[in-house]
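Structure record follows, encoded as C-alpha coordinates.
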Amino acid sequence: MSKKQVNQIHNSINRVVHEPVRLAILKILTSAKEVDFNFLLTTLGVTKGNLATHINKLETTGLIEVKKEFRGKVPHTSYKITKTGRRQFQKYWENMKALAPE
Amino acid sequence: MNREQNNKVQNQNAEKLKEISKWTQRYAENRTLPFVINMMISLLFGFAVGIPSYFGGRAYRSGNVLQLWICILSLMIVFPALIFYSVPKWGGKYIEKLIRFLYRKEGQVILAIPKKTKSQRRAGWIAGLLLGVCVVISIILIVFCKIPIKYMQPVSALCVIPLIIAVGIWRPPSVKPAGFLVWLWPILYAIHAILVVAGVPIQFERPWIFFNILIPIAGYGILCGLLGHIYSRYALKKLKGLTHLEGEAANGD
(Lines give C-alpha, C1' and ligand atoms only; values in the text may rest on other atoms or scores of the structure.)
Protein backbone atom coordinates (compact mmCIF):
# COMPACT_ATOMS: atom_id res chain seq x y z
CA MET A 1 0.00 0.00 0.00
CA SER A 2 1.38 3.41 -0.95
CA LYS A 3 2.05 6.14 1.61
CA LYS A 4 -0.71 8.22 0.02
CA GLN A 5 -3.25 5.44 0.47
CA VAL A 6 -2.17 4.94 4.09
CA ASN A 7 -2.59 8.67 4.74
CA GLN A 8 -5.98 8.59 3.06
CA ILE A 9 -7.14 5.78 5.36
CA HIS A 10 -5.66 7.56 8.38
CA ASN A 11 -7.61 10.69 7.50
CA SER A 12 -10.84 8.79 7.03
CA ILE A 13 -10.66 7.16 10.48
CA ASN A 14 -13.54 8.36 12.62
CA ARG A 15 -11.89 10.01 15.64
CA VAL A 16 -15.03 9.62 17.74
CA VAL A 17 -14.94 5.85 17.23
CA HIS A 18 -11.14 5.59 17.50
CA GLU A 19 -10.99 6.54 21.19
CA PRO A 20 -10.46 3.30 23.25
CA VAL A 21 -13.35 3.65 25.70
CA ARG A 22 -15.80 4.65 22.98
CA LEU A 23 -14.53 1.83 20.82
CA ALA A 24 -15.19 -0.65 23.62
CA ILE A 25 -18.67 0.84 24.19
CA LEU A 26 -19.52 0.50 20.51
CA LYS A 27 -18.19 -3.05 20.36
CA ILE A 28 -20.31 -4.06 23.37
CA LEU A 29 -23.34 -2.40 21.79
CA THR A 30 -22.80 -4.22 18.50
CA SER A 31 -22.92 -7.53 20.36
CA ALA A 32 -26.01 -6.77 22.46
CA LYS A 33 -29.44 -5.40 21.68
CA GLU A 34 -29.45 -3.06 24.65
CA VAL A 35 -27.23 -2.38 27.68
CA ASP A 36 -27.60 0.00 30.59
CA PHE A 37 -25.30 2.52 32.24
CA ASN A 38 -24.33 0.21 35.13
CA PHE A 39 -23.31 -2.58 32.78
CA LEU A 40 -20.97 -0.26 30.89
CA LEU A 41 -19.65 1.12 34.16
CA THR A 42 -18.90 -2.40 35.46
CA THR A 43 -17.26 -3.69 32.31
CA LEU A 44 -15.29 -0.60 31.34
CA GLY A 45 -13.99 0.27 34.80
CA VAL A 46 -14.19 4.04 34.22
CA THR A 47 -15.67 6.71 36.46
CA LYS A 48 -19.33 7.69 36.13
CA GLY A 49 -18.40 11.16 34.89
CA ASN A 50 -15.97 9.85 32.32
CA LEU A 51 -18.48 7.32 31.01
CA ALA A 52 -21.23 9.95 30.85
CA THR A 53 -18.96 12.20 28.76
CA HIS A 54 -18.11 9.41 26.33
CA ILE A 55 -21.75 8.43 26.01
CA ASN A 56 -22.73 12.04 25.42
CA LYS A 57 -20.17 12.26 22.64
CA LEU A 58 -21.49 9.08 21.02
CA GLU A 59 -25.06 10.27 21.36
CA THR A 60 -24.44 13.72 19.89
CA THR A 61 -22.70 12.17 16.89
CA GLY A 62 -25.69 9.88 16.37
CA LEU A 63 -23.78 6.66 16.93
CA ILE A 64 -25.89 5.48 19.84
CA GLU A 65 -29.47 5.93 20.98
CA VAL A 66 -30.26 6.72 24.61
CA LYS A 67 -33.46 5.47 26.25
CA LYS A 68 -34.42 7.04 29.58
CA GLU A 69 -37.24 5.64 31.67
CA PHE A 70 -38.41 5.30 35.24
CA ARG A 71 -38.63 1.91 36.85
CA GLY A 72 -40.87 2.71 39.76
CA LYS A 73 -39.15 5.75 41.20
CA VAL A 74 -35.69 4.85 39.95
CA PRO A 75 -34.42 6.39 36.70
CA HIS A 76 -32.96 3.88 34.27
CA THR A 77 -30.89 4.67 31.21
CA SER A 78 -30.12 2.17 28.49
CA TYR A 79 -28.27 2.40 25.20
CA LYS A 80 -28.59 0.95 21.73
CA ILE A 81 -26.33 1.32 18.73
CA THR A 82 -27.92 3.17 15.81
CA LYS A 83 -27.71 2.14 12.16
CA THR A 84 -25.20 4.95 11.63
CA GLY A 85 -23.20 3.72 14.62
CA ARG A 86 -23.10 0.21 13.26
CA ARG A 87 -22.06 1.48 9.83
CA GLN A 88 -19.38 3.77 11.26
CA PHE A 89 -18.03 0.99 13.44
CA GLN A 90 -17.92 -1.37 10.47
CA LYS A 91 -16.12 1.26 8.41
CA TYR A 92 -13.64 1.88 11.23
CA TRP A 93 -13.02 -1.87 11.51
CA GLU A 94 -12.37 -2.15 7.76
CA ASN A 95 -9.95 0.79 7.88
CA MET A 96 -8.07 -0.79 10.77
CA LYS A 97 -7.86 -4.09 8.89
CA ALA A 98 -6.53 -2.29 5.84
CA LEU A 99 -3.86 -0.57 7.93
CA ALA A 100 -2.80 -3.73 9.76
CA PRO A 101 0.58 -5.01 8.53
CA GLU A 102 0.49 -8.29 6.57
CA MET B 1 4.28 6.69 19.66
CA ASN B 2 6.06 5.55 16.52
CA ARG B 3 4.34 3.68 13.71
CA GLU B 4 5.61 0.23 14.80
CA GLN B 5 4.37 0.71 18.37
CA ASN B 6 1.11 2.10 17.03
CA ASN B 7 0.59 -0.95 14.82
CA LYS B 8 1.31 -3.26 17.74
CA VAL B 9 -1.25 -1.46 19.91
CA GLN B 10 -3.84 -1.52 17.12
CA ASN B 11 -3.31 -5.25 16.62
CA GLN B 12 -3.70 -5.90 20.34
CA ASN B 13 -6.88 -3.81 20.35
CA ALA B 14 -8.23 -5.66 17.32
CA GLU B 15 -7.69 -8.99 19.06
CA LYS B 16 -9.40 -7.71 22.21
CA LEU B 17 -12.30 -6.25 20.23
CA LYS B 18 -12.92 -9.60 18.55
CA GLU B 19 -13.13 -11.23 21.98
CA ILE B 20 -15.44 -8.57 23.48
CA SER B 21 -18.41 -9.77 21.38
CA LYS B 22 -17.86 -13.37 22.38
CA TRP B 23 -17.60 -12.68 26.11
CA THR B 24 -20.47 -10.17 26.16
CA GLN B 25 -22.70 -12.84 24.66
CA ARG B 26 -21.43 -15.54 26.97
CA TYR B 27 -21.93 -13.32 29.99
CA ALA B 28 -25.44 -12.26 28.94
CA GLU B 29 -26.49 -15.83 28.14
CA ASN B 30 -25.27 -17.13 31.46
CA ARG B 31 -26.97 -14.59 33.70
CA THR B 32 -28.91 -17.51 35.11
CA LEU B 33 -30.07 -16.07 38.44
CA PRO B 34 -33.65 -15.52 37.10
CA PHE B 35 -33.72 -19.17 36.07
CA VAL B 36 -32.37 -20.35 39.45
CA ILE B 37 -34.87 -18.18 41.35
CA ASN B 38 -37.79 -19.44 39.27
CA MET B 39 -36.69 -23.04 39.74
CA MET B 40 -36.36 -22.52 43.52
CA ILE B 41 -39.82 -20.96 43.73
CA SER B 42 -41.26 -23.80 41.64
CA LEU B 43 -39.61 -26.30 43.99
CA LEU B 44 -41.08 -24.48 47.00
CA PHE B 45 -44.52 -24.55 45.41
CA GLY B 46 -44.03 -28.25 44.72
CA PHE B 47 -43.41 -28.82 48.43
CA ALA B 48 -46.23 -26.46 49.42
CA VAL B 49 -48.75 -28.36 47.28
CA GLY B 50 -47.36 -31.87 47.71
CA ILE B 51 -46.96 -31.99 51.50
CA PRO B 52 -50.48 -30.75 52.50
CA SER B 53 -52.01 -32.90 49.72
CA TYR B 54 -50.33 -36.02 51.04
CA PHE B 55 -51.07 -35.36 54.72
CA GLY B 56 -54.59 -34.15 53.85
CA GLY B 57 -55.29 -37.45 52.09
CA ARG B 58 -53.92 -39.39 55.03
CA ALA B 59 -55.98 -37.34 57.48
CA TYR B 60 -59.13 -37.94 55.40
CA ARG B 61 -58.55 -41.68 55.40
CA SER B 62 -57.83 -41.83 59.14
CA GLY B 63 -60.68 -39.43 60.00
CA ASN B 64 -58.43 -36.76 61.56
CA VAL B 65 -60.64 -33.72 60.88
CA LEU B 66 -58.34 -31.11 62.42
CA GLN B 67 -55.34 -32.22 60.35
CA LEU B 68 -57.53 -32.36 57.25
CA TRP B 69 -58.71 -28.76 57.75
CA ILE B 70 -55.17 -27.53 58.38
CA CYS B 71 -54.13 -29.13 55.08
CA ILE B 72 -57.14 -27.69 53.21
CA LEU B 73 -56.43 -24.21 54.62
CA SER B 74 -52.77 -24.51 53.62
CA LEU B 75 -53.78 -25.41 50.08
CA MET B 76 -56.27 -22.52 50.05
CA ILE B 77 -53.36 -20.19 50.70
CA VAL B 78 -50.92 -21.95 48.37
CA PHE B 79 -53.15 -22.09 45.27
CA PRO B 80 -53.90 -18.34 45.04
CA ALA B 81 -50.18 -17.73 45.71
CA LEU B 82 -49.33 -20.12 42.87
CA ILE B 83 -51.72 -18.34 40.50
CA PHE B 84 -50.29 -14.96 41.60
CA TYR B 85 -46.75 -16.19 40.93
CA SER B 86 -47.66 -17.71 37.55
CA VAL B 87 -49.22 -14.56 36.08
CA PRO B 88 -46.40 -12.34 34.72
CA LYS B 89 -48.35 -9.16 35.39
CA TRP B 90 -48.70 -9.98 39.09
CA GLY B 91 -45.99 -12.19 40.54
CA GLY B 92 -43.69 -11.81 37.55
CA LYS B 93 -43.39 -8.12 38.36
CA TYR B 94 -41.94 -8.89 41.80
CA ILE B 95 -39.61 -11.55 40.46
CA GLU B 96 -38.38 -9.02 37.91
CA LYS B 97 -37.77 -6.51 40.72
CA LEU B 98 -35.84 -9.10 42.71
CA ILE B 99 -33.70 -9.98 39.69
CA ARG B 100 -32.98 -6.30 39.01
CA PHE B 101 -31.98 -5.93 42.66
CA LEU B 102 -29.60 -8.88 42.42
CA TYR B 103 -28.00 -7.53 39.24
CA ARG B 104 -28.14 -3.89 40.33
CA LYS B 105 -24.36 -3.49 40.41
CA GLU B 106 -23.70 -5.29 37.14
CA GLY B 107 -26.50 -3.59 35.26
CA GLN B 108 -28.56 -4.97 32.46
CA VAL B 109 -27.64 -6.43 29.11
CA ILE B 110 -30.20 -7.68 26.62
CA LEU B 111 -29.11 -9.83 23.71
CA ALA B 112 -30.78 -9.59 20.34
CA ILE B 113 -32.63 -12.79 19.53
CA PRO B 114 -30.85 -14.12 16.46
CA LYS B 115 -32.93 -15.25 13.52
CA LYS B 116 -33.16 -19.01 13.50
CA THR B 117 -31.45 -20.82 10.66
CA LYS B 118 -33.30 -23.36 8.55
CA SER B 119 -31.58 -26.27 10.33
CA GLN B 120 -32.39 -24.80 13.76
CA ARG B 121 -36.04 -24.45 12.77
CA ARG B 122 -36.04 -28.03 11.51
CA ALA B 123 -34.39 -29.23 14.76
CA GLY B 124 -37.08 -27.33 16.72
CA TRP B 125 -39.86 -29.05 14.77
CA ILE B 126 -38.25 -32.46 15.25
CA ALA B 127 -37.87 -31.85 19.01
CA GLY B 128 -41.53 -30.71 19.19
CA LEU B 129 -42.67 -33.78 17.28
CA LEU B 130 -40.52 -36.00 19.50
CA LEU B 131 -42.13 -34.38 22.54
CA GLY B 132 -45.61 -35.20 21.17
CA VAL B 133 -44.65 -38.83 20.50
CA CYS B 134 -43.05 -39.16 23.96
CA VAL B 135 -46.13 -37.73 25.69
CA VAL B 136 -48.33 -40.29 23.90
CA ILE B 137 -45.91 -43.13 24.78
CA SER B 138 -45.80 -42.10 28.46
CA ILE B 139 -49.63 -41.94 28.60
CA ILE B 140 -49.84 -45.42 27.05
CA LEU B 141 -47.23 -46.71 29.54
CA ILE B 142 -49.08 -45.23 32.53
CA VAL B 143 -52.65 -46.13 31.48
CA PHE B 144 -52.24 -49.49 29.76
CA CYS B 145 -49.00 -50.99 30.97
CA LYS B 146 -49.54 -50.30 34.69
CA ILE B 147 -45.97 -49.13 35.20
CA PRO B 148 -44.97 -49.37 38.90
CA ILE B 149 -44.86 -46.03 40.68
CA LYS B 150 -41.11 -46.34 41.27
CA TYR B 151 -40.63 -45.86 37.49
CA MET B 152 -42.45 -42.53 37.53
CA GLN B 153 -39.25 -40.57 37.01
CA PRO B 154 -38.02 -42.58 33.97
CA VAL B 155 -41.50 -42.32 32.41
CA SER B 156 -41.55 -38.57 33.13
CA ALA B 157 -38.11 -38.32 31.52
CA LEU B 158 -39.78 -39.29 28.25
CA CYS B 159 -41.68 -35.97 28.37
CA VAL B 160 -39.31 -33.76 30.35
CA ILE B 161 -36.18 -34.33 28.25
CA PRO B 162 -37.76 -33.58 24.83
CA LEU B 163 -39.58 -30.63 26.43
CA ILE B 164 -36.34 -29.08 27.71
CA ILE B 165 -34.65 -29.73 24.36
CA ALA B 166 -37.59 -28.29 22.40
CA VAL B 167 -37.73 -25.14 24.60
CA GLY B 168 -33.94 -24.82 24.37
CA ILE B 169 -34.03 -24.93 20.57
CA TRP B 170 -37.14 -22.80 20.05
CA ARG B 171 -36.39 -20.48 22.95
CA PRO B 172 -39.49 -18.27 22.77
CA PRO B 173 -38.89 -14.62 23.80
CA SER B 174 -40.65 -15.23 27.13
CA VAL B 175 -37.99 -17.77 28.11
CA LYS B 176 -35.01 -16.04 29.65
CA PRO B 177 -31.61 -17.27 28.52
CA ALA B 178 -30.25 -20.00 30.73
CA GLY B 179 -26.84 -20.43 29.13
CA PHE B 180 -25.35 -23.35 27.30
CA LEU B 181 -25.08 -25.22 30.61
CA VAL B 182 -28.84 -25.68 30.48
CA TRP B 183 -28.15 -28.53 28.04
CA LEU B 184 -26.62 -30.38 30.95
CA TRP B 185 -30.05 -30.42 32.57
CA PRO B 186 -31.75 -33.01 30.29
CA ILE B 187 -28.54 -35.05 30.28
CA LEU B 188 -28.51 -35.27 34.11
CA TYR B 189 -32.23 -36.04 34.16
CA ALA B 190 -31.69 -38.82 31.60
CA ILE B 191 -28.77 -40.25 33.60
CA HIS B 192 -30.98 -40.19 36.70
CA ALA B 193 -33.71 -42.10 34.80
CA ILE B 194 -31.21 -44.70 33.58
CA LEU B 195 -29.89 -45.18 37.12
CA VAL B 196 -33.46 -45.65 38.43
CA VAL B 197 -34.20 -48.27 35.75
CA ALA B 198 -30.86 -49.97 36.58
CA GLY B 199 -32.04 -50.28 40.16
CA VAL B 200 -29.64 -47.83 41.82
CA PRO B 201 -31.26 -46.77 45.13
CA ILE B 202 -31.68 -43.03 44.45
CA GLN B 203 -35.44 -42.93 44.90
CA PHE B 204 -37.49 -41.56 47.79
CA GLU B 205 -39.58 -44.16 49.57
CA ARG B 206 -43.18 -43.74 50.74
CA PRO B 207 -44.50 -41.27 51.92
CA TRP B 208 -42.13 -38.92 49.99
CA ILE B 209 -42.52 -40.74 46.69
CA PHE B 210 -43.89 -37.64 44.91
CA PHE B 211 -40.48 -35.98 45.34
CA ASN B 212 -39.01 -38.50 42.89
CA ILE B 213 -39.88 -36.27 39.95
CA LEU B 214 -39.91 -32.85 41.58
CA ILE B 215 -36.46 -32.99 43.16
CA PRO B 216 -34.56 -34.26 40.10
CA ILE B 217 -36.26 -31.74 37.77
CA ALA B 218 -35.75 -28.74 40.03
CA GLY B 219 -32.51 -29.99 41.58
CA TYR B 220 -30.67 -30.58 38.31
CA GLY B 221 -32.15 -27.36 36.92
CA ILE B 222 -30.87 -25.37 39.91
CA LEU B 223 -27.49 -27.10 39.68
CA CYS B 224 -27.14 -26.18 35.98
CA GLY B 225 -28.35 -22.65 36.70
CA LEU B 226 -25.76 -22.22 39.44
CA LEU B 227 -23.03 -23.55 37.17
CA GLY B 228 -24.19 -21.04 34.55
CA HIS B 229 -24.05 -18.26 37.15
CA ILE B 230 -20.48 -19.23 38.12
CA TYR B 231 -19.55 -19.21 34.44
CA SER B 232 -21.07 -15.74 34.05
CA ARG B 233 -18.71 -14.49 36.83
CA TYR B 234 -15.81 -15.81 34.78
CA ALA B 235 -17.18 -14.26 31.57
CA LEU B 236 -17.59 -10.90 33.29
CA LYS B 237 -14.02 -11.03 34.61
CA LYS B 238 -12.80 -11.82 31.10
CA LEU B 239 -14.89 -8.99 29.65
CA LYS B 240 -13.54 -6.49 32.17
CA GLY B 241 -10.02 -7.42 31.14
CA LEU B 242 -10.79 -7.08 27.44
CA THR B 243 -12.43 -3.65 27.55
CA HIS B 244 -9.23 -1.96 28.68
CA LEU B 245 -8.01 -1.03 25.24
CA GLU B 246 -4.71 0.68 24.73
CA GLY B 247 -4.62 3.97 22.90
CA GLU B 248 -4.27 7.71 22.90
CA ALA B 249 -6.85 9.84 24.67
CA ALA B 250 -8.82 8.02 27.34
CA ASN B 251 -10.90 11.00 28.39
CA GLY B 252 -14.16 12.21 27.04
CA ASP B 253 -12.64 14.47 24.37
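The values are calculated or read from the model by the stated rules, or taken from the named source; none is laboratory data. None of the values given here were measured: they were computed from a predicted structure. Using ideal geometry, Cβ is built from the backbone for each residue, glycine included, and neighbour counts are taken over all protein chains shown.
Things worth noting here:
- Applying the criterion of being of a type outside the set (A, V, I, L, M, F, W, C), assigned to a helix (DSSP H, G or I) and under 15 Å from the mean Cα position of the chain (by Cα) to the residues of the stretch B:21-62, the residue that is nearest to the other protein chains (Cβ to nearest Cβ) is B:29.
- Check on residue B:97, among the basic types (Lys, Arg), at pLDDT below 85 and under 29 Å from residue A:40 (Cα atoms): no
- Number of the exception - residue A:27 against (1) charged (D, E, K, R); (2) without any contact (Cβ under 8 Å) to a residue 40 or more places away in the chain; (3) part of a helix (DSSP H, G or I): (2)
- Every pair of residues 6+ apart whose Cβ atoms lie under 7 Å, when the first sits in the stretch B:98-111 and is assigned to a helix (DSSP H, G or I) while the second is surrounded by fewer than 17 Cβ atoms within 10 Å (Cβ to Cβ): B:98/B:37; B:99/B:37
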